[in-house]
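Notes follow the structure.
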């Protein structure tokens, strides 16, 4: 494979694997819905400015920033697609653990992760198509790989929204059972998504070889800018330190597993996009953990 054929490379995991990935995604959304409680939405009333700042930074700010980055650095179309795809995904559940370690506003982090996952069932597919359509190379690439827009929207809604409604309904009918099975299902689906990322990354090794170290100089700045966006958005509304940290982490940590599953099941596993999603899935954890360590070190110094 050479760089000229990069955008034509498609990772085929097989029909059975694609069905399995769709089921994993459905279980993940079901588990998210089982964990939704009234407290998950309390920021609507207690701190609406803080909450909606984080939500807008995730849903609009990061995709817009990514689009501008694509126009500036002009990456391969499939790499640009991967960047936009990741930017349109909701926050990842690991952000809550990093927020806890960073002494951030964990309640805000959990609320944003949970509710952004709910909105993702409806917003993410539309957002991917919208922002990809604004960048000519990705718009042309989607035309070349013959994406069935209506089919993509319907299938994604079924995979994401249907389990969400089923989970919310199940919680209303059997809250005790929901509490009992929510954590095991979340862990199971999370491990399965991690396995998907690892398997996809191994199969995408030829793409990584083509891209070389250059892919790092795209993914790393992209993720750093995402963290910076969350931090600046929080500073703009004069959020307290703990909340500023939470928004920084939430905007910088994306559900790359969701992105990879959508890429493989709906977009045919376009090479460069898969490489971006796979590398992002590893790097954002390193970057987020590094930020948390830096904040802990800063807290330790200020306490003496």
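The values are calculated or read from the model by the stated rules, or taken from the named source; none is laboratory data. Everything quoted here is computed from the prediction, not taken from an experiment. All Cβ positions, even for glycine, are placed from backbone atoms using ideal geometry, and neighbour counts span all protein chains on display.
Figures for the structure shown
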{"quantity": "Residue that is modelled with pLDDT of 90 or more and within 20 Å of residue 100 (Cβ to Cβ), where the choices are 299, 240", "calculated": "240"}
{"quantity": "Filter result for residue 193 (surrounded by fewer than 22 Cβ atoms within 10 Å (Cβ to Cβ), part of a helix (DSSP H, G or I) and out of contact with any strand residue (DSSP E or B) (no Cβ under 9 Å at 6 or more places or on another chain))", "calculated": "no"}
{"quantity": "Helices (runs of 4 or more DSSP H) wholly inside segment 94-157 containing at least 2 residues that are farther than 30 Å from residue 243 by Cα and touching a helix residue (DSSP H, G or I) at 6+ places or on another chain (Cβ under 6 Å)", "calculated": "106-133, 136-144"}
{"quantity": "Residue in segment 19-48 that is modelled with the highest pLDDT, counting only those that are buried (at least 17 other Cβ atoms within 10 Å of the Cβ) and closer than 30 Å to residue 77 by Cα", "calculated": "26"}
{"quantity": "Candidate set: segment 136-166, residues that are within 20 Å of the chain's Cα centre (by Cα) and buried (at least 21 other Cβ atoms within 10 Å of the Cβ); chosen: the one modelled with the highest pLDDT", "calculated": "138"}
{"quantity": "First in segment 278-293 and farther than 17 Å from residue 96 by Cβ, second anywhere and surrounded by fewer than 21 Cβ atoms within 10 Å (Cβ to Cβ) and modelled with pLDDT of 85 or more, Cβ under 9 Å, 6 or more apart", "calculated": "279/220; 283/220"}
{"quantity": "Extreme residue, surrounded by the most Cβ atoms within 10 Å (Cβ to Cβ), among residues of segment 264-276 that are in a helix (DSSP H, G or I) and at pLDDT below 80", "calculated": "274"}
{"quantity": "Selection within segment 217-247 - buried (at least 24 other Cβ atoms within 10 Å of the Cβ) and either without any contact (Cβ under 8 Å) to a residue 60 or more places away in the chain or touching a strand residue (DSSP E or B) at 6+ places or on another chain (Cβ under 9 Å) (or both)", "calculated": "226"}
{"quantity": "Some residue of segment 49-60 being over 16 Å from the mean Cα position of the chain (by Cα), under 26 Å from residue 172 (Cα atoms), part of a helix (DSSP H, G or I) and at pLDDT 80 or above", "calculated": "yes"}
